[in-house]
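Asker: Quick one: this structure, given as structure tokens, is what I'll be asking you about.
The values are calculated or read from the model by the stated rules, or taken from the named source; none is laboratory data. Keep in mind that this is a model prediction, so the values were computed, not measured. A quick note on method: Cβ atoms are made from the backbone with ideal geometry, for glycine too, and the neighbour counts reach across all protein chains shown.
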Amino acid sequence: MPTREDIVASEDLLLFVNACFVCTGQSEYYGPAGAQSLSLRFLHRYIGGNYRRLYARTLAAGINHHNQALVLRTLLASGAPAEPEARAEEGALIAAALRRLPAHRAWKLLGALVRDRVNNRRARAVARAFAQERRDLGFDALKYRRHVRAVVRHFHIPLPEPEELPPFLFLGRRVRRYRTERFEAWRQAWHSEEALYALPYTVAEGFAAHHRVPRARFLERIQPMMTPGERSRLMKTLGRHDVSADVDLRRMPLTRLCLYVLSLPRDQREARRAELEQALARCAEGVLARRPLRLGRVALVLDRSRSARGSHQKRNRPLAVALGTLALARAAGQQARAFWTEDCNDPLLIDASGNTSLGRPLLDALDWQPGLVLIVSDGYENGPPGAADEVARIHHARIGRRPLILHLNPVFDSERYAPRGLGPHIPTFGLRDAEDLPAVLQLARLAVGDLSLADVEAWLGACAARLLEDAP
């Protein structure tokens, strides 16, 4: 029989993991960024202070990069635990998670430790190991010079090759000439527009502003130096300046691919239908190859209301998550069928409009007799409020708790410290990226059962073990 303390602990941990799947501290359609950051900071301090070992293991639970960085920052700022076993496991998790972070997030995290004046033994060792293990520290220094310089100086990190790295970091353009080609291009870019086109896009952009280069000309000439992600994010900007660009759809993550599709005008989506549908199917299969998921007959109730447009920071993300979840369900299920809040015969041409009316599509989905129902919505139901939960309550009372009905919410509600729910009869889980669906469903199957602290600890322990096994 679980004690009251065990129940509270398991609920706390699941609340935290759920929030870390979806919250990034950015603004939402119904909420400002400041409130998000405040709520998230409280959650990290509370869980990190009361459940430290399990808090460290959440690094392996599939939480998003923003929250991984916050966990690492909290752990490194507080030093190592006293118990040898906990200290060894935590140190290994920190090293593995830091290596997996995108480079810009990792250097920004270490730069935040510098600003916080963290300089304990563990932080120094982690920063030194990270810098020395980088495959191309010179390239990192070029792209993130301010962060790398601060980290090297603060943690007294000895610099490996190239030998011109210390002068580049600490003397910059005061050096007359660099033998390293990329460093010399950076030095010349202070005086010559031509030199900036040999630099990475994010570095060249500052020099373009310095030289007042016309935006259209800069975007046209810097394209060869853009990464596929940068090119896809800048598609609208390129279009406004009549600059054509080829985007490699095969290299996009699923949610970013959906965002790209939604950014295209409807006539372009129609003209490129075969290409886009094939890209979505191929990307979904790639996700399932890395994270296996098998679904039977699954119904999806998908929200395409006005709020699915998202905020200015997360434009179209709720709608993109719905589209990506549909692509994954079709790839993982024997049968998958979508029921939209507004009639939609062609998901490829979808846009956000109307109210959030979930009751009617949920009724239609249950009439189809699926084995699983997934509702993708921001939870602000207004046509009418509470209809979906009432449908679920009556269905459970008459038929039983089959099929399982789950609500997947791509939006964080800062007032509730969790994604906004639809009611007590529909469990809610955060889903910021559609490709996280396998991990979120694993969490959901754990949470909708007879929840116990032992189950949560076992799940986090298994996640940590897998991460450490995969670590180089």
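Asker: Those residues that are in contact (Cβ under 8 Å) with a residue 60 or more places away in the chain and either more than 20 Å from the chain's Cα centre (by Cα) or crowded, with 16+ Cβ neighbours inside 10 Å (or both), I need them from the range 21-32; list them, please.
Answerer: F21, V22, C23, T24, Q26, S27, E28, Y29, G31 - these are the residues of the range 21-32 that are in contact (Cβ under 8 Å) with a residue 60 or more places away in the chain and either more than 20 Å from the chain's Cα centre (by Cα) or crowded, with 16+ Cβ neighbours inside 10 Å (or both).
Asker: Inspect all residues belonging to the range 290-308 and state whether any of them is part of a helix (DSSP H, G or I), buried (at least 17 other Cβ atoms within 10 Å of the Cβ) and touching a Phe, Trp or Tyr at 6+ places or on another chain (Cβ under 7 Å). Spell out how you get there, then give the answer.
Answerer: Step one: of the range 290-308, the residues part of a helix (DSSP H, G or I) are 290, 306-308.
Now drop any that are not buried (at least 17 other Cβ atoms within 10 Å of the Cβ), which leaves 307-308.
Next, only the ones that are touching a Phe, Trp or Tyr at 6+ places or on another chain (Cβ under 7 Å) stay: 307.
Yes, some residue in the range 290-308 is part of a helix (DSSP H, G or I), buried (at least 17 other Cβ atoms within 10 Å of the Cβ) and touching a Phe, Trp or Tyr at 6+ places or on another chain (Cβ under 7 Å).
Residue-by-condition table, conditions (1) surrounded by fewer than 24 Cβ atoms within 10 Å (Cβ to Cβ); (2) assigned to a helix (DSSP H, G or I); (3) in contact with a Cys (Cβ under 7 Å, 6 or more places away or on another chain):
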residue	(1), (2), (3)
L319	no, yes, no
L326	no, yes, no
A336	yes, no, no
E342	yes, no, no
N345	yes, no, no
L348	yes, yes, no
D351	yes, no, no
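Asker: Now for a different question. Please tell me if V17 is of a type outside the set (S, T, Y), crowded, with 19+ Cβ neighbours inside 10 Å and at pLDDT 85 or above.
Answerer: Yes.
Asker: Additional query: Quick one: I157 ticks every box in (1) modelled with pLDDT of 95 or more; (2) closer than 21 Å to A80 by Cα bar one, so which box is it?
Answerer: Every condition holds for I157 apart from (1).
Asker: Among all residue pairs at least 6 apart or on different chains, which show Cβ distances below 6 Å where the first residue, located in the range 340-357, is farther than 16 Å from N382 by Cβ and in contact (Cβ under 8 Å) with a residue 60 or more places away in the chain and the second is of a type in the set (D, E, K, R) and in a loop (DSSP other than H, G, I, E, B)?
Answerer: Between residues of the range 340-357 that are farther than 16 Å from N382 by Cβ and in contact (Cβ under 8 Å) with a residue 60 or more places away in the chain and residues that are of a type in the set (D, E, K, R) and in a loop (DSSP other than H, G, I, E, B), the close pairs are I350/R304.
Asker: Hey, among the residues in the range 96-111 that are small (G, A, S) and crowded, with 19+ Cβ neighbours inside 10 Å, which one's farthest from C463 (Cα to Cα)?
Answerer: First, pick out the residues of the range 96-111 that are small (G, A, S): 96-97, 103, 106, 111.
Now narrow it down to the ones that are crowded, with 19+ Cβ neighbours inside 10 Å: 97, 106.
Working: A97: 12, A106: 21 Å.
Top of the filtered list is A106.
Asker: Identify the single condition in (1) in a loop (DSSP other than H, G, I, E, B); (2) of a type outside the set (S, T, Y); (3) in the same structural domain as A60 (by TED's automatic domain parsing) that R315 does not satisfy, given that it satisfies every other one.
Answerer: If we test R315 against (1) in a loop (DSSP other than H, G, I, E, B); (2) of a type outside the set (S, T, Y); (3) in the same structural domain as A60 (by TED's automatic domain parsing), just (3) comes out false.
Asker: Further question: Just give me the residues in the range 165-176 being farther than 18 Å from F207 by Cβ and without any contact (Cβ under 8 Å) to a residue 24 or more places away in the chain, in sequence order.
Answerer: P166, P167, F170, L171, R176
Let's see how each residue does on (1) on the phi > 0 side of the Ramachandran plot; (2) surrounded by 14 or more Cβ atoms within 10 Å (Cβ to Cβ); (3) touching a Lys or Arg at 6+ places or on another chain (Cβ under 9 Å); (4) charged (D, E, K, R):
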position	(1), (2), (3), (4)
R124	no, yes, no, yes
R134	no, yes, no, yes
D140	no, yes, yes, yes
V151	no, yes, no, no
H156	yes, no, yes, no
R179	no, no, no, yes
S192	no, no, no, no
R212	yes, no, no, yes
L219	no, yes, no, no
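Asker: Separate question: Taking the range 327-360 as the region of interest, how many residues are over 26 Å from L276 (Cα atoms) and not β-branched (V, I, T)?
Answerer: Of all residues in the range 327-360, those over 26 Å from L276 (Cα atoms) come to 355-360.
Narrowing the set further to residues that are not β-branched (V, I, T) leaves 355, 357-360.
The number of residues fulfilling the criteria is 5.
Asker: Report those helices (runs of 4 or more DSSP H) wholly inside the range 27-137 carrying at least 2 residues which are among the polar types (S, T, N, Q).
Answerer: Helices (runs of 4 or more DSSP H) meeting the threshold: 33-50, 65-77.
Asker: Just the residues that are buried (at least 18 other Cβ atoms within 10 Å of the Cβ) and either free of Cβ contacts under 8 Å to residues at least 24 places away in the same chain or closer than 23 Å to V114 by Cα (or both), please, taken from the range 181-190.
Answerer: Result: A185, R187, Q188, A189.
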